[in-house]
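For reference, the structure is listed below as structure tokens.
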Amino acid sequence: MKELRIAELRAADPAGESSLIITGRPIVYDQPTKIKAPFGDYIEVIKRGALDGADLSDIRLLYNHDTNRIPLARTPKTMSFELDPAGLTMRAELPNTEEGRSVYLAIKRGDLSGMSFAFKVPEGGSRYDAKTNTRTITKIEKVYEFSIVPFPAYPQTSVEARNQITEAQKRELERKQALITLNKILFKGEI
């Protein structure tokens with residue numbers, strides 16, 4: 001299931017009359033982040049190396065995850081990325097169109113400062129610890145797109161994550177209930 005995440009974005013000074021270059025870091029490793037989800041908040045961490053072997057072959061740059069609009073850039077022609085120990089950085093040349101110029105100017109002014117990305121985690125690529133309420137992503141299968149977003153907050157998670165977290169929370173609750181029952185039995189035995 002595709003998931004979305006938020007990170008930072010900057011506009012570079014134009015190299016030429018039509019050059020609208022932006023840079024950003026849409027994916028950050030080892031940074032705990034609070035995710036707000038319909039079923040409740042939790043902490044998430046994308047571990048260093050989660051992108052090793054990921055499909056990064058066809059990534060689009062969108063505004064606000066809107067697939068109904070023309071992409072602002074696409075790898076490898078108008079957007080490039082680089083993996084480093086901190087995560088992934090990107091560089092894109094926006095089109096010299098009304099939308100491209102508007103987005104570029106909003107980034108340059110600081111009105112738009114966030115990036116998000118859509119991705120897929122394979123089965124077994126993440127784990128959830130109900131005790132710490134933390135999801136740890138160790139493997140990302142595919143990155144679909146980076147988006148420039150007006151509100152740099154984590155807007156949603158996937159059904160896969162909700163199911164994984166809900167099941168782990170249920171198991172933790174069952175474990176706590178079993179301990180309570182065991183303590184009641186043991187306590188009665190001492191009387």
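Things to note:
- For a label point 7 Å along the Cα-to-beta-carbon line of ILE43, residues of the stretch 121-145 with backbone N under 17 Å: 127-138
- Computed extension gain for ASP55 through ASP111, at 0.36 nm per residue and net of the alpha carbon distance, reaches 17.0 nm.
- FRET efficiency for the pair LYS176 and THR132, taken as 1/(1 + (r/R0)^6) with r the Cβ-Cβ distance and R0 = 25 Å, rounds to 0.95.
- For the stretch 27-44, 3J(HN,Hα) per residue [Karplus equation, 6.51 cos²θ - 1.76 cosθ + 1.60, θ = phi - 60°, Hz, x = Gly/Pro]: 10, 10, 7, 6, 10, x, 9, 7, 9, 9, 10, x, 8, x, 7, 8, 9, 10
- Sequence of VAL121, VAL28 from largest to smallest accessible area, 1.4 Å probe: VAL28, VAL121
- Mean separation of Cα contacts under 8 Å, 6 or more apart, over the residue count of the stretch 36-155: relative contact order %: 37 percent
- Solvent-accessible surface (1.4 Å probe) assigned to GLU141 amounts to roughly 80 Å².
- Environment charge at VAL45 (Cβ cut-off 9 Å; Lys +1, Arg +1, Asp -1, Glu -1): 0
The values are calculated or read from the model by the stated rules, or taken from the named source; none is laboratory data. These numbers come from a predicted model, not from an experiment. Here the Cβ is made from the backbone with ideal geometry for all residues, glycine too, and neighbour counts use every protein chain on show. Calculation scope for accessible area: heavy atoms of the full protein, side chains included, ligands and nucleic acids excluded. Shrake-Rupley method; radii C 1.70, N 1.55, O 1.52, S 1.80 Å.
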